[in-house]
Amino acid sequence: MEEGAAHPVEWWAELLAASAQFDAPYFVEELTTALAPRITNPLVRREIELAAATVNRHLLRPLDEYLADDAQAARQRLRNTLDRVDADSTRLTEAWVINAAVGGDYPGAAAGAEPLLGAQPTLLLAMTALRLERFDTELAVNLLAAGRSPEEAIRYGGLVGRYAWWPKWLLEIGARRAMDGTLNEGVITALDACAFAKLTAAQTHIARKLLSGDERALRTAAEHLDTIGEATAAEELRNGDLTPVALAAKMMTL
């Protein structure tokens, strides 16, 4: 997909299927709040707001048959209104997007909303609606906006999201590695070890360079570990294993 191009419906379907906790009422309400004020026809805007509110009541209480009938009637009334209004004289794009949302076509609604709201706000709305726990939503949105796949964004968002308690500098390294595709469980283990090590400012400076892949710093750290009898840790660093970074940072400042 070209940079800046809107994502297709199939892409949105893949993203929204990433969580069994997708919050449909939130998605419908937030989308309506964002788009309804742009609808200039007062009749259409009133029907949109009524349909969204009625459908959301049913989504919040899905087993209530009375609310289910109300929701279906509201959907039909909205569709009849949109079919009746002259599209050439009235701006209906936003209304049709909300119509898709109240009808349960969430991927279609997201795809329609993206050109209207912009990629970043639409992605944030969708990611928030997924209600993923221990998850870095901001990182996932940035990855998606950069063209990464939903699967990759969800995976990296989950990896970093487990460690929200880390110091800011470690979270920044994790996010940067996620953006360039070099974050994995091994790097996570190394970052976690640094978080537990309670490094000083000087040690943090060294660890930051090592975790960022500075070849000169890694070579110097490995040589230092060799001189103090930590041959195994030195060899691990040389082989790309960052697990000994916390140890190396501490030893190099003694």
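The values are calculated or read from the model by the stated rules, or taken from the named source; none is laboratory data. Quick caveat: nothing in here was measured; it's all calculated off a predicted structure. Heads up, the Cβs are rebuilt from the backbone with ideal geometry, glycines too, and the neighbour counts pull from every protein chain shown. Ligands, DNA and RNA are excluded from the accessible area calculation, which covers all protein heavy atoms including side chains. Shrake-Rupley method; radii C 1.70, N 1.55, O 1.52, S 1.80 Å.
Here are a few things to note about the model shown:
- Spin-label proximity, GLN120 to the stretch 134-175 - amide N less than 15 Å from point 7 Å beyond Cα toward beta carbon: 138-147
- By definition, a body whose alpha carbon gyration tensor gives a ≥ b ≥ c is oblate when a/c is 1.5 or more and a/b is not larger than b/c, and the stretch 1-103 fits this oblate description.
- When you restrict to C-alpha pairs under 8 Å that are six or more residues apart and normalise by the size of the chain, the relative contact order lands at 16 percent.
- Projecting the Cα positions of GLY161, ALA71, ALA110 onto the charge dipole of the chain (unit charges on Cβ atoms of Lys, Arg, Asp and Glu, taken about the Cα centre) puts GLY161 furthest along the positive direction.
- One decimal place: the segment GLU133-ALA193 gains 19.3 nm when fully extended, by the rule 0.36 nm per residue minus the C-alpha distance.
- Taking GLU151, GLU223, GLU47 in turn, the Gaussian network model of the chain (Cα-Cα springs below 10 Å) assigns the largest fluctuation to GLU223.
- The calculated FRET efficiency for the pair ARG38 and ALA146, based on their C-beta separation and a Förster distance of 25 Å, comes to about 0.35.
- Check: the stretch 3-150 dipole with +1 on Lys, Arg Cβ and -1 on Asp, Glu Cβ, in debye: 260 debye
- Two-site FRET efficiency, SER19 against VAL85, from Cβ-Cβ distance with R₀ of 25 Å, rounded to 0.05: 0.10
- For the chain, modelled as a GNM whose springs connect Cα atoms under 10 angstrom apart, the maximal fluctuation among ALA222, ALA24, ALA52 occurs at ALA222.
- For the stretch 95-148: rounded, prolate or oblate by the Cα gyration tensor [a/c cutoff 1.5]: oblate
- TYR26-ARG176 FRET efficiency (beta carbon distance; Förster radius 45 Å; 0.05 resolution): 0.90
- Heavy-atom accessible surface of the stretch 161-254: percent carbon and sulfur, 1.4 Å: 54 percent
- Calculated accessible area for the chain comes out at 51 Å² per residue, all protein chains present (probe 1.4 Å; ligands, DNA, RNA ignored).
- Rounded, prolate or oblate (a/c below 1.5 giving rounded, otherwise prolate when a/b exceeds b/c) for the stretch 44-126 by Cα gyration tensor: oblate
- Of the residues ALA178, ALA126, ALA73, the one that moves most in a GNM of the chain with alpha-carbon contacts below 10 Å is ALA73.
- Relative contact order of the stretch 84-192, taken over Cα pairs closer than 8 Å and 6 or more residues apart, is 17 percent.
- Distance from the stretch 135-202 to the stretch 12-61 (C-alpha centre basis), Å: 32 Å
- Relative contact order of the stretch 14-84, taken over Cα pairs closer than 8 Å and 6 or more residues apart, is 28 percent.
- DSSP H segments from the chain that extend 24 Å or more along their own axis, Cα-based, with Kyte-Doolittle mean of -1.0 or above: 42-60
- For the chain, the 222 nm mean residue ellipticity estimated from helices alone, with every DSSP H stretch of n ≥ 4 adding -39500 (n - 2.57) and the total spread over all residues, rounds to -21500 deg cm²/dmol.
- A value for volume of the Cα convex hull per residue in Å³ was derived from the coordinates, and within the list (1) 140; (2) 130; (3) 154 it appears as (1).
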